[in-house]
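These notes concern the structure reproduced below.
The values are calculated or read from the model by the stated rules, or taken from the named source; none is laboratory data. Please read all numbers here as calculations on a predicted model, not as lab measurements. Here the Cβ positions follow ideal geometry from the backbone for every residue, glycine too, while neighbour counts run over all protein chains shown.
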Amino acid sequence: MERYDEDLNENSFFQVLRGEYVEVFERAVEAGWILCVPRAGALPKYALAQDDILGHILVPSDELPETHFRTLTDRGVVVKGNLLTLENEVSNPHSVHILFDEVFYDEDMRKYKVLCLEDPLYASHALASSSSCDLVMLFSLRDCIDLLWTEGGGEEALKRLDSLVQQFLDKNPNLEEETLQNLRDLVSELFSEAIQVTLSDHRLKHKTKEDQYLLDSIKLSVETYLLHGIYKKLMKGITACTSGDDARLNRIIRNLSDLQVRDLDIDPKLSSSLTKSKFEIVNIEGYSTPLGKLGCLKRAISIVVSQGGVVSSDELLPILMFLVVKSNLPNWFAHLSFLKLFRFSAAGADSGEQSFNISSLEAAIQHISSGALFGNTSPEADCMLQVESNSLAQSMEEALGYNGGNELL
Amino acid sequence: MKIVGAKVVVLGSQGVGKTSLVTRYETKTFSRNTSSTIGASFSHIVIVINGNKVRMQVWDTAGQERFRSMAPMYYRGAHAALLVFDITKLQTFNDIQTWVHELSSRVGEGLMLVLVGNKCDLDQRREVARDVAQQYAASIGAIFLETSAMDETGIDEMFEIIATEMLRKSDDVDSMVHVYSPEPATKSTIVLNNSASSLNDSSLPQAQNSCC
């Protein structure tokens, strides 16, 4: 998971700030100051001192109220990207990540802003050195294995999952003959069982009861580990289901081999980053997990976005179309189905962005597949989108449990 | 304490300022810094009202005519739709009616509609009268407000209204479907369920298939 989340109402720092520093808190709300709250796992074990609290309240400067602040302990703070940096420590500049931000409203609909920080901002030695556990961020299969190892009970935990994977493969030797719906059901069952097995570790079970973020991270790790284990077989099954759609898409892509950036009305200044982005997106094939493929998709998109600044969906879609056409991957529909149907842990805070990226990729693939890029030569392209690609789209919708596929696409 | 997840789609023709509405809110609240790396097309906006958290995913929908057929992939499973037009361009207001027609036939009832007249700082070039828009909003059961990304009019209000309504809906017994917290009695995550979200995207109800 790339996006940390916690319930700030339960955060003891925030509770102390609101409960024991009522006057300061009220003043901050009235004046529109910003409250910083270190994440629960980074809080000191000792009782918080007044300076710890005051050092986390940001007063906007008059000149640059959106980026420059002073804390109530009179230190300068600058916000840049997702970093808060303490200014006045020339020798030892201290920067802290902003994990998320929330706008709070009280009963009177007065509002105030809260930033949750990865570490305490106020760099008093005691606070800084006491942040015991590092924040778990899952970007790769390796991260997931590490988490299962450290939290799930070491080698034993992985061995138990390995044996579940082996049982699954032995029990289902012919995945190529299954429908998408059946494939999803089978893997979903495997996932449920694996979660149960993993949480049968008492220590972990106890910890996840207290910590929703850890639970979500464990689920994602189990999903990632399992799918890596069954990927080759599963992908054969998926590819068999999507082969018709992929063949049609590939025919169209071959005919688009001369496609240029300008044909899609993409801003020419993005050309160079599109090349880099293309090198990234082709790697999607090499990843064997939703986590890996989604990370790859996200990086490919970020390369272009970081070049072009604010990018809307109207700009993003042609970029994705260009990448799909130029990537030379033979089975885009299979990868898309894998991403849409086999993310079982997707309940965490960052699932929204991933869903958005998948939907955008889906829109790009469907648009190409409809033949619409040929322009006037296919005046009925839009109808084709509805009719021709309906079979796969419908089976994906059905597998996801939508009511009636037809009216959806 | 409850957590409500809601998907908000932003619809409207190109050039009406859809993305600037969202980015303006974000620069003010820092979300631009902390949220996604994928530009203005997707954002997280979290509002906590009286201790209840509304976690909104805001999806920008392509507004160009050439991408029109792909819009359903963006708005399926949405709980609220911001229908944005430019008050200085009558055509963009007329375009809204096509969107509303499409939404009502494909998403059905239960989708919260918010009609947004943007660029209200350009009042002297106004082509869409406030009461005309107001009347139209009433006829489709939508809330109407005017906004300006320039002087920030109405932008906070827009998200407050949606968050408040999502919380209210989550109190309906029928719409509480999904609880994924280990302590369901005190904290629960609620995914709004209505005729719109029964077509839900993979982002929300998947955990039902899992262990919890």
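So the values come out like this:
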| quantity | calculated |
| --- | --- |
| Residues of region A:55-78 satisfying the condition of being farther than 14 Å from A:Val114 by Cα, of a type in the set (A, V, I, L, M) and either buried (at least 16 other Cβ atoms within 10 Å of the Cβ) or touching a strand residue (DSSP E or B) at 6+ places or on another chain (Cβ under 7 Å) (or both) | A:Leu72, A:Val77, A:Val78 |
| Neighbours by Cβ (under 7 Å, 6+ apart or cross-chain): first from region A:178-206, in the same structural domain as A:Gly154 (by the TED database); second outside any loop (DSSP other than H, G, I, E, B) and basic (Lys, Arg) | A:Ile195/A:Lys219; A:Val197/A:Arg160; A:Leu199/A:Lys205 |
| Selection count where residues are within 30 Å of A:Asp5 (Cα to Cα), more than 9 Å from chain B (Cβ to nearest Cβ) and at pLDDT below 90, scope region A:347-393 | 1 |
| Those residues of region B:93-133 which are crowded, with 23+ Cβ neighbours inside 10 Å and under 17 Å from B:Ala149 (Cα atoms), in sequence order | B:Leu115, B:Val116, B:Gly117, B:Asn118, B:Lys119 |
| Meets criteria (closer than 18 Å to A:Ile368 by Cα and modelled with pLDDT under 95) for A:Val282 | no |
| Residue count, region A:219-274 (criterion: over 19 Å from A:Pro330 (Cα atoms) and assigned by the TED database to the domain that holds A:Ile303) | 15 |
| Qualifying position, being under 19 Å from the mean Cα position of the chain (by Cα) and either surrounded by fewer than 16 Cβ atoms within 10 Å (Cβ to Cβ) or over 15 Å from A:Leu320 (Cα atoms) (or both), among A:Gly244, A:Gly292 | A:Gly292 |
| Cross-chain or 6+ apart pairs with Cβ under 6 Å, region A:276-296 first and in the same structural domain as A:Ser217 (by the TED database), then part of a loop (DSSP other than H, G, I, E, B) and buried (at least 18 other Cβ atoms within 10 Å of the Cβ) | none |
| Candidate set: region A:148-182, residues that are under 27 Å from the mean Cα position of the chain (by Cα) and part of a loop (DSSP other than H, G, I, E, B); chosen: the one farthest from A:Thr198 (Cα to Cα) | A:Gly154 |
| Test: residue in region B:22-44 that is more than 14 Å from A:Ser360 (Cβ to Cβ) and at pLDDT 90 or above | no |
| Flag if A:Leu320 is more than 10 Å from chain B (Cβ to nearest Cβ), at pLDDT 85 or above and buried (at least 18 other Cβ atoms within 10 Å of the Cβ) | yes |
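For every residue, the table says whether it meets (1) at the interface with chain A (Cβ under 7 Å from one of its Cβ atoms); (2) within 25 Å of A:Ser370 (Cα to Cα).
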| residue | (1), (2) |
| --- | --- |
| B:Ala40 | yes, no |
| B:Ser43 | no, no |
| B:Gln57 | yes, no |
| B:Thr61 | yes, yes |
| B:Gln64 | yes, yes |
| B:Arg68 | no, yes |
| B:Ala71 | no, yes |
| B:Tyr74 | yes, yes |
| B:Ala78 | no, yes |
